[in-house]
Each structure stands twice: as structure tokens, then as C-alpha cells.
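Student: The structure is given below, and queries will be raised subsequently.
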Amino acid sequence: MALKRVESIPRLLKRSPDGHKGNYGSILIIAGGRGMAGAAALCGASALRSGSGLVRVACPAEVQPTVASFEPSYMTYPLPCDGEGLVDFAASRPVLEKLVQKADVVAVGPGLGESDDVLELVRWAVESAGKPLVLDADALNALAKDVGLVDRLETPTVVTPHPGEFARLTGMTTKLAKAEREPRSAAFAARNANLVVVLKGGGTLVTDGDRVYVNTTGNPGMATGGAGDVLTGVVAAMLGQKLAAFEAAQLAVYAHGLAGDIARDDSGEVGLIAGDIADALPDAFHHGVREQEIDEEEDDVE
Ligand SMILES: NC(=O)C1=CN([C@@H]2O[C@H](COP(=O)(O)OP(=O)(O)OC[C@H]3O[C@@H](n4cnc5c(N)ncnc54)[C@H](O)[C@@H]3O)[C@@H](O)[C@H]2O)[C@@H](O)CC1
Ligand SMILES: Nc1ncnc2c1ncn2[C@@H]1O[C@H](COP(=O)(O)OP(=O)(O)O)[C@@H](O)[C@H]1O
Ligand SMILES: [Mg+2]
């Protein structure tokens, strides 16, 4: 069946005058590992810069002070880690179980590294977290080792692979993933009604298997390490602000690309770095994203 092409950009819910941080999403980000504190920090800061009410970053204890030092506005939680500075899942599980209860959305993956424990962590997130998920980077590399997990997703889930990660997930070549990106990403998304695929790169695709959106914002200056970690935080923030998974992913890639364009206008493509995209998110949301009136009756539900 032909994919329905979506062109209109969703709106963000307008804030109520008496809104409080509990209304705009508590985000749990499980990210970071030795040498990749930056991935966790970029993701956490970007979730905040996209309107999240509260952001908690759980990262291996070895990098937690570093992650905390980048940004005072999120909270950080040290997870027991192994000798390589990556998460020790069995020892971390009790901490994660407590944190997940307080979360509206859980994002997993940036900078976690690759290990058996990361795979266990992703299995747990899929099977037990019970919250909307964003899976990126090393969470996708783990998923590639047990792709049947996709069929067991029971909560709205956005996966954000670049073509290399998508190729690993689906067992095809990166060349094929790029050449046949629409049908291949839609077929993957169609595996589970809860799944939305964001296939990144110039003209990022968002699909749920029925609909497809091709992003119009962004530029090649964004081909820089950490730009995807920023996007993960933005997607989590959109889910936390009560958008459904397809719309959340769509608005996130649009705003992220817009932030990249604002940063490019300032610095040019060559010198643009991921932190510039995160820093331009407020401008992108303020000037480039429209708001939708809240439904007062729904908002009043106790
Ligand atoms: N500051 C940090 O801490 C950073 C940490 N990072 C983390 O580093 C880990 C490894 O991620 P990487 O993505 O570098 O490693 P990968 O090995 O997954 O991907 C890199 C390769 O994927 C392919 N690829 C990516 N985009 C493509 C496109 N549009 N078209 C064709 N091929 C494409 C290319 O071959 C590229 O060399 C992740 O955990 C990630 O989150 C990176 O995000 C960089 C910044
Ligand atoms: N040529 C491009 N045009 C538009 N956006 C791009 C381009 N290259 C990369 N991007 C965007 O930058 C981000 C890169 O993500 P990713 O490859 O995961 O990087 P990292 O893992 O280093 O954070 C994606 O959102 C992607 O769409
Ligand atoms: Mg990435």
C-alpha cells in the first residue's frame, strides 16, 4: 500500500498560565560511557532546551561528575559501571527501576558503548520500562543483536538510526538503506504499531509504516559528531509534551533541522558543532514552531 505523505508540521501544546514542570514531561535519559560524557550531556541539555519540565540523566558513575559539570539544569544519577567505564546493568537495575517510575519518557543509547550489559539494558527498557521510549545509537546497535525485541514493544517507541545503524538493524548494506530508504524504513516501522522510524541524514524520513514525512530543514553542517545525540533529546522532549510518537518525531526533526539552520547562519557549515545546534533550539522553537491551544477540559482532569 502507498505511504501517505504528511507535509503539515504539528504544533506544540501552548503552555497554560499555571503550568508547572510536572506538566511538560519528566525525561529519563540513560546515556554516556567512558569518553562519551558529551553524548549524555548534549542529549540532556537538548531535552531541556526543547521544553521538558524535568530531565534526569543516568550515566555510568565514572562519567557522572563530568556530565553534571556540563549543565546545572538537569539532574544526574551515577550508575555502577564495569572496568571499561560502561554500565553494569545488573548492579544498575534497582536504580533504573526507581528512576523509570518517575519518568514520562525514557531515552536510551547515546554514548553507552557496546557490551552485553547494554543489550540487557535495552531488553529491560523494551520489556519492563512501560514508558514511551526513544532508542538511539548504542541502543540500536544492541537492538540489532536481538531485533525480535522490536516485535515486543508495548509502548510508543521512536528509533532514530542513521543509515549505518539502520543497515545494522535490518541486516542490509548502508548503500541499500540509503537507496531504498522510504520502503525499507516503512517496512521496518510496520513491524509494530507502536514503532516510528526516524531515518536520519539530509531529508530525514519519519515513518510509522502508513505515513511518511520528509524533513525540509537542516543542512550538511550538521554532519558533525553529537548532532544525533541532540536530536534524541528533542524527540524525548516532544513525547514528554504529549505529542503522539509520529508527530513527536516529526516536530523534533523539523525543529532540530531548523536549529541547525539557525546555527549555520551564524557560524557557517564548516565550523558548526553539535553544541551550536543545542544552543539554537530555543530560537528554533520560539520563532519556528507554532503552538496549539490546550484543551482546558482535558487539562483539568485530576
Ligand atoms: N561527544 C560524544 O560523546 C559523542 C558520542 N557519540 C557516540 O558515539 C557512539 C558511536 O556513534 P557513531 O554514529 O559515531 O558510530 P557508528 O559506527 O554507528 O556510525 C558511524 C558511521 O555510520 C555511517 N553513517 C552515519 N551517517 C550516515 C549517513 N547519513 N549516510 C551514510 N552513512 C552514514 C558512516 O559510515 C559513519 O562513519 C554512539 O554511542 C554515539 O552516541 C557520537 O554521537 C559523537 C559525539
Ligand atoms: N547532510 C545533512 N543534512 C541534514 N542533516 C544532516 C546531514 N548530515 C547529518 N545530519 C543530521 O545530523 C544528525 C546526525 O546524527 P548521527 O549520525 O546520529 O550523529 P551522532 O551519533 O554523531 O550524534 C542527524 O539528525 C542527521 O539528520
Ligand atoms: Mg548517533
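Student: For 30, 262, what's the largest-to-smallest order of accessible area, 1.4 Å probe?
Tutor: Highest to lowest solvent-accessible surface, that is 262, 30.
Student: Pulled fully out, how much extra length does the chain show between residue 223 and residue 18, if you take 0.36 nm times their separation in residues and subtract their Cα-Cα distance?
Tutor: 69.8 nm
Student: Spelling out what I want: for every residue of the stretch 38-55, take phi, set θ = phi - 60°, compute 6.51 cos²θ - 1.76 cosθ + 1.60 (Karplus), and round to whole Hz; glycine and proline get x.
Tutor: In residue order, the calculated couplings are x, 4, 5, 5, 4, 5, x, 5, 6, 5, 5, 5, 9, x, 4, x, 8, 10 Hz.
Student: A further question follows. Once you list every other residue whose beta carbon is under 12 Å from the beta carbon of residue 62, what net charge do they have if Lys and Arg are +1 and Asp and Glu are -1?
Tutor: -2
Student: So what is the orientation-averaged projected area of the chain, using the convex hull of its C-alpha atoms, in nm²?
Tutor: Its Cα hull, projected and averaged over all orientations, spans 15.1 nm².
Student: Mind ranking 256, 20, 287 by accessible surface for me, highest first, 1.4 Å probe?
Tutor: Details: 256 20, 20 110, 287 140 Å².
If we order 256, 20, 287 from most to least accessible, we get 287, 20, 256.
Student: Only helical DSSP H runs with n ≥ 4 go in: add -39500 (n - 2.57) per run for the chain, normalise by residue count and round the 222 nm mean residue ellipticity to 500 deg cm²/dmol.
Tutor: Working: 12 runs with 135 residues, N = 302.
The helix-only estimate for the chain comes to -13500 deg cm²/dmol at 222 nm.
Student: Another question, then. Which of rounded, prolate or oblate describes the stretch 16-164 when judged by the alpha-carbon gyration tensor and an a/c cut-off of 1.5?
Tutor: oblate
Student: At a 1.4 Å probe radius, carbon and sulfur cover how many percent of the accessible area of the stretch 21-286?
Tutor: Here it works out to 51 percent.
Student: Using the heavy atoms of the protein chains and a 1.4 angstrom probe, tell me the accessible area per residue for the stretch 21-286 in square angstrom. It would help to have the intermediate numbers written out before the result.
Tutor: Details: 9570 Å² over 266 residues.
Accessible surface, normalised per residue, equals 36 Å².
Student: Per-residue accessible area for residue 27 at 1.4 Å probe radius, Å² rounded to 10?
Tutor: Approximately 0 Å² for this residue.
Student: Same structure, new question: With the crude spin-label approximation of a point 7 Å out along Cα→Cβ, what separation in nm comes out for residue 155 versus residue 287?
Tutor: Roughly 3.6 nm, to one decimal.
Student: Related question: Just to check I understand the Karplus step: with θ = phi - 60° and J = 6.51 cos²θ - 1.76 cosθ + 1.60, what whole-Hz values come out for the stretch 14-24, glycine and proline as x?
Tutor: 5, 7, 6, x, 9, x, 9, 4, x, 8, 10
Student: Restricting the calculation to Cα positions, tell me the Rg (one decimal) and the Dmax (whole number) of the stretch 210-302 in Å.
Tutor: Over the stretch 210-302's Cα set, Rg and Dmax evaluate to 14.6, 50 Å.
Student: Short version: ³J(HN,Hα) in whole Hz for each residue of the stretch 178-190, in order, from phi by Karplus 6.51 cos²θ - 1.76 cosθ + 1.60 (θ = phi - 60°), x for Gly and Pro, what are they?
Tutor: 7, 5, 10, 5, 5, x, 5, 6, 5, 5, 5, 4, 5
The values are calculated or read from the model by the stated rules, or taken from the named source; none is laboratory data. Everything quoted here is computed from the prediction, not taken from an experiment. Here Cβ is always computed from backbone atoms with ideal geometry, including for glycine, and neighbour counts include all displayed protein chains. We work out accessible area using only protein heavy atoms, side chains counted, and drop any ligands, DNA or RNA first. Shrake-Rupley method; radii C 1.70, N 1.55, O 1.52, S 1.80 Å.
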